1. From the P(r) of the chain, can you give the percent of Cα pairs sitting at distances over 32 Å?
2. Going highest first, how would you order 74-82, 274-282 by mean Cβ packing within 10 Å?
3. Past the 22 Å Cα-Cα mark, which pairs from 126/198; 71/106; 71/229; 229/356; 126/356; 319/356?
4. For the stretch 252-370, compute the orientation-averaged projected area of the C-alpha convex hull (one quarter of its surface), in nm².
5. Pairs of alpha-carbon atoms within less than 8 angstrom and 6+ residues apart define the contacts here; what relative contact order does the chain have, in percent?
6. Quick one: if the Förster radius is 45 Å, what FRET efficiency do residue 394 and residue 264 give, using the C-beta to C-beta distance and rounding to 0.05?
7. Step through the residues of the stretch 310-315 one at a time and calculate ³J(HN,Hα) from phi using the Karplus curve (6.51 cos²θ - 1.76 cosθ + 1.60, θ = phi - 60°), rounding each to whole Hz and writing x for Gly and Pro.
Amino acid sequence: MRLDRRDWLWQLLAAGGGLIWTTLATAADDQPPAWNQFRGSGGMGQADGTNPPTTWSEGENVAWKVPIPGKGWSSPVVQGNSVWLTTATQAGRSLRVVCLDADSGKLRFLSPELFAVDPGAKGLAKAGQAAPTPVVTAHHVYAHFGAFGTACLNHEGELLWSRVIPYYHHHGPGSSPALVDDVLVVVCDGFTGPFFDKLERAGVDTPQFVLGLDALTGEIRWKAPREGKHSYATPLVIDVDGELQVVCPGGDGVWAYNPQTGEELWRYQFVGHSVVPRPVWVEGRLLVCTGYHEASLLALDPRELSADREPKLLWKLSKGVPFVPSPVVVDDLVYLVTDEGILSAVETATGKLKWKQRLGGMFSASPVASGKRIYATSESGTTHVWRAGAAFRRLAENILPGQVLASPAVVGDRLYLRTETHLYCLAADSADASSPKVPVQLTSEEVESSRRR
């Protein structure tokens, strides 16, 4: 993923009757952000060179914990010394961005309302309205809320642009955006019309499409309509023989596009719908989950296309494949955690099952890997830690109170974990943090506004 190489602001200044072009990109632009998007800087849940704790509890190895207002299941993202989240306050109807100090948990800011959710809009109560994870660069943060809107803020919390993309996101916002150079790619695989509610959305001209937005202005660079079923998967940027491709799973297929033009490069159709997991790209193999109702894992090779521009199918796995959690790869094995808590280790080269282990509980968060250690958190707040390898080796089970659906972020020696009420910063040898830091507060005007609604 390439970030901020074209992160420039155009300023029109009167200077001798001419225009001056001011470049604000700095050397920091060439530094890869620590955990800048859903599943980290590579988008695949791998945190190389980090050393987060293996064990923790409410009173052990907690550097800080902060209550977060509203409801949101977006994962935390980290850039420099800031942690970013999205949330829906005021009974889930006010969509905002939260920024915290990464070291202390102190509030940097709670943004003003970016988008208001129509009271008639409904979706899955479990997911809520702030599920997509933002993307952060050296200067900007991009927050996406499905059909409710997409916004860009600077690091001081100032709104730079916003736009509403009309489509029927069905169960609610789900797919996170991906940034490629100066193009923000957003997948909008919606339904054909209202489903959970009767809310009609003006301007919907196709149920499923992918957009490339200008990252500096929010203007539409390209739009790629496609026929299929509703879906919630996040795009993944891959490099195929020196060519950047943005891979966008849909409800019953997976497509790859040129991120600058939106040109379709290839597609592969499958049977499925409501795809959620983000793909994984490893050694020329693209691993794609096919979604509900009978999930499979496909290994595709986009370097070898048929006459119809269909990638070669290398293998297919039809057992033990998750509907929601994304896969993670360590060495020569891909690890899958099903929604029902069944862990499988599968050879990436062949698709053959190496071993299987029941973890127990239900899972929505995606596992992450730090070196040989893999972390997977259940919906009930239990994080299972095991060592990657030819056999299952449990390292720890750690319990925090509250429901967890958000995937964690790993930066250095810290792991950031969001529960339904708090954001935890976990680090080895931390002092007892049973007394929380100052919570993120709404202003008196925002509280009064909430009462009036």
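1. Beyond 32 Å sits 35 percent of the P(r) for the chain.
2. Top of the packing list down: 274-282, 74-82.
3. 71/229; 229/356; 126/356
4. 7.9 nm²
5. 17 percent
6. The formula returns an efficiency of 0.50 here.
7. Values, residue by residue: 10, x, 6, 7, 8, 6 Hz.
Bear in mind these aren't lab numbers, they're just calculated from the coordinates by the rules spelled out. This is a predicted model, so every value here is computed, not measured. Backbone-built Cβ (ideal geometry, glycine too); neighbour counts: all protein chains shown.
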